[in-house]
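Novice: Encoded as structure tokens, here's the structure I'll be asking about.
The values are calculated or read from the model by the stated rules, or taken from the named source; none is laboratory data. These figures come from a predicted structure and were not determined experimentally. So basically every Cβ, Gly included, is an ideal-geometry build from the backbone, and we count neighbours across all protein chains shown.
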Amino acid sequence: MRKIRNLFIVALLFIVAVFVSFRVKKQKEDDKYISKAVYLYDLTDDKEVLAKNENERLPMASLTKIMTVRVALKNIKDLAELAPVDTDAYHRAVDMNASMAGFKGGESTTYRDLLYATMLKSAGEAADSLAINISGSMDNFVALMNKEAKDLGLKNTSYANADGMDDPKNYQSAKDCAMLIKDSLNDGNFRAIFTKKDFVTSSSPDHPEGVYLESTIFSHLKKYDQLGFEIIGGKSGTTDNAGLCWATLAVKNNKEYILVVMGVPYDDINDLNDGQIEETLRIYENIGD
């Protein structure tokens, strides 16, 4: 009996030691990243590669607009149809100091213009105008967004608006964001918008030559080298509560990867650091190491 008891104690101590060792190793791995959450997914082989706090519900800033564009595309019959910039949406964006495309309130635009402005320039007035043109109100459109999240099985996602401004009910996990992108890329229109570097909107009386839109992802990448990989699309997001967020699609060794980093801290909204960019590039560079 004593021998059995001693064997049981030894086995228990071994299990505890393995558990502690695993936790220490995991903590050391997590400490390598400045992001609150990280999720790297191999889209080609359909498997998780890297994860840190991947299921934690975090403010997502303008990563919200990934769902805004997805839901809009599912409810638009003709991308060339006129969908003007809503005046209230325009003033909300101004009042909230949101990112904007440069449209004017009431400007004559198409759904295509608003979609590219939402994704590339992270334009608040464009995202909210999509919502209002499609559903008649922000509340109705947000209901569609939340239904879509539920249908996709995104259990750590909730939407309170279409533009990503801070709200306690607007949150997402890094893994949910990656899975949303994964599924959305099956839509050719979504992939085209998500991977577009720049775009010129249609002519209007306010802008006869259109509005030039450059992706917030690609504009920031110009000063960086991408060694052994290429980022081909993405969406950025920044608010006081969310910190710096980046969701990107990249190609390395003939494989596509989705990488989401969320919650990179910053000190001054008017003088942002590039922590989310540097973290993203470092992770891509180390794939396979």
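Novice: Restricting to the stretch 85-106, give me the number of residues that are surrounded by 18 or more Cβ atoms within 10 Å (Cβ to Cβ), of a type outside the set (A, V, I, L, M, F, W, C) and under 14 Å from Ile132 (Cα atoms).
Specialist: Residues that pass the stated criteria total 3.
Novice: Kindly list the number of the only condition in (1) surrounded by 15 or more Cβ atoms within 10 Å (Cβ to Cβ); (2) free of Cβ contacts under 8 Å to residues at least 40 places away in the same chain; (3) out of contact with any helix residue (DSSP H, G or I) (no Cβ under 8 Å at 6 or more places or on another chain) that fails for Ala250.
Specialist: (3)
Novice: Something else about it: Does Leu40 satisfy the criteria of being closer than 22 Å to Met145 by Cα, at pLDDT 95 or above, crowded, with 21+ Cβ neighbours inside 10 Å and not β-branched (Val, Ile, Thr)?
Specialist: no
Novice: Select from the stretch 64-92 the residues that are of a type outside the set (Val, Ile, Thr) and within 19 Å of the chain's Cα centre (by Cα) and list them in ascending order.
Specialist: Lys65, Met67, Arg70, Ala72, Leu73, Lys74
Novice: With the structure loaded, tell me whether Ser184 is hydroxyl-bearing (Ser, Thr, Tyr), buried (at least 17 other Cβ atoms within 10 Å of the Cβ) and over 13 Å from the mean Cα position of the chain (by Cα) or whether it fails that test.
Specialist: no
Novice: Considering every residue within the stretch 22-29, establish whether at least one is over 16 Å from Thr280 (Cβ atoms), modelled with pLDDT under 90, of a type in the set (A, V, I, L, M) and not in a strand (DSSP E or B).
Specialist: yes
Novice: Kindly indicate whether any position in the stretch 47-67 is closer than 27 Å to Ser203 by Cβ and among the β-branched types (Val, Ile, Thr).
Specialist: Among the residues of the stretch 47-67, not one is closer than 27 Å to Ser203 by Cβ and among the β-branched types (Val, Ile, Thr), which makes the answer no.
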